[in-house]
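Engineer: One structure follows; several queries about it will come next.
The values are calculated or read from the model by the stated rules, or taken from the named source; none is laboratory data. These numbers come from a predicted model, not from an experiment. Neighbour counts are summed over all protein chains in view; Cβ atoms, including those assigned to glycine, are modelled from backbone coordinates with ideal geometry.
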């Protein structure tokens, strides 16, 4: 059996086969719990990228059911990412360290504290507006308004779209749940792990659409400039060689031929 997989250590896309993938399930024979008959399942995947070759491990506490072939997993009750300990993806060094740290930490605590993860995601997005868009006004809501204004007058950085700003504004609202307590302290609003993950995925998307896209564009432009400079230098060298050859050639126009 094969399937597509992206290594969480090196972000390399690859096809997983039986040669580098293993999964197993062990039924617990400890009696029926409040969750029913349960067991432990695990998966192990080795990255085939020779520069990585890491092993990703995950485990699941599952409800099991009996079949003619024995006990099999039926439904996941809890799941743990063992290696790596976070769902974060490797990010390039040209993204500011402060942004990468907030992103990595938001990923690391997504399941343990979704509310705190959402707060970190909010801070990371505010940092991106300040760094990538060059807008710093103290409050995120004011920075979003300024970014909308620049988008309308055409001065926003490349890659900023209206729907992007709407999504960032939504993150501001969700992140406020973790950052600020309600006036009525008995009113508890939770952030689910899946909701925190959606914010993390927005950060990953903007890393790609803003920072990575800009870096690739700069690299392509630099490559073209390098080629142009090399061709210009080659032309100058060729002309200099021709001029030198012409200067070294004797002038025969004044010679007299005797018969």
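Engineer: Does residue 102 satisfy being over 25 Å from residue 192 (Cα atoms), without any contact (Cβ under 8 Å) to a residue 40 or more places away in the chain and touching a helix residue (DSSP H, G or I) at 6+ places or on another chain (Cβ under 9 Å)? Steps first, answer last, please.
Structural biologist: Values: over 25 Å from residue 192 (Cα atoms): no; without any contact (Cβ under 8 Å) to a residue 40 or more places away in the chain: yes; touching a helix residue (DSSP H, G or I) at 6+ places or on another chain (Cβ under 9 Å): yes.
In short, no.
Engineer: Any residue that is closer than 30 Å to residue 215 by Cβ and touching a helix residue (DSSP H, G or I) at 6+ places or on another chain (Cβ under 8 Å) - is there at least one of those in segment 69-85? Give the derivation first.
Structural biologist: Applying the first criterion (closer than 30 Å to residue 215 by Cβ) to segment 69-85 yields 81, 83-85.
Keeping just the survivors that are touching a helix residue (DSSP H, G or I) at 6+ places or on another chain (Cβ under 8 Å) gives 85.
Among the residues of segment 69-85, at least one is closer than 30 Å to residue 215 by Cβ and touching a helix residue (DSSP H, G or I) at 6+ places or on another chain (Cβ under 8 Å), which makes the answer yes.
Engineer: Is it true that residue 121 is in contact with a helix residue (DSSP H, G or I) (Cβ under 7 Å, 6 or more places away or on another chain), surrounded by 13 or more Cβ atoms within 10 Å (Cβ to Cβ) and in contact (Cβ under 8 Å) with a residue 40 or more places away in the chain? Lay out the reasoning, then the answer.
Structural biologist: Details: in contact with a helix residue (DSSP H, G or I) (Cβ under 7 Å, 6 or more places away or on another chain): yes; surrounded by 13 or more Cβ atoms within 10 Å (Cβ to Cβ): yes; in contact (Cβ under 8 Å) with a residue 40 or more places away in the chain: yes.
Here the answer is yes, as residue 121 does meet what is asked.
Engineer: Got a number for residues in segment 9-57 being surrounded by 10 or more Cβ atoms within 10 Å (Cβ to Cβ), assigned to a loop (DSSP other than H, G, I, E, B) and out of contact with any strand residue (DSSP E or B) (no Cβ under 6 Å at 6 or more places or on another chain)?
Structural biologist: Within segment 9-57, residues that are surrounded by 10 or more Cβ atoms within 10 Å (Cβ to Cβ), assigned to a loop (DSSP other than H, G, I, E, B) and out of contact with any strand residue (DSSP E or B) (no Cβ under 6 Å at 6 or more places or on another chain) number 10.
Engineer: Can you name every residue in segment 68-97 that is modelled with pLDDT of 90 or more, in a loop (DSSP other than H, G, I, E, B) and surrounded by fewer than 12 Cβ atoms within 10 Å (Cβ to Cβ)?
Structural biologist: Listed by number, the residues that qualify are 68, 92, 93, 94.
Engineer: Next question. Would you confirm, using the coordinates I've provided, whether residue 150 is closer than 24 Å to residue 198 by Cβ and assigned to a helix (DSSP H, G or I)? Spell out how you get there, then give the answer.
Structural biologist: Values: closer than 24 Å to residue 198 by Cβ: no; assigned to a helix (DSSP H, G or I): yes.
Here the answer is no, as residue 150 does not meet what is asked.
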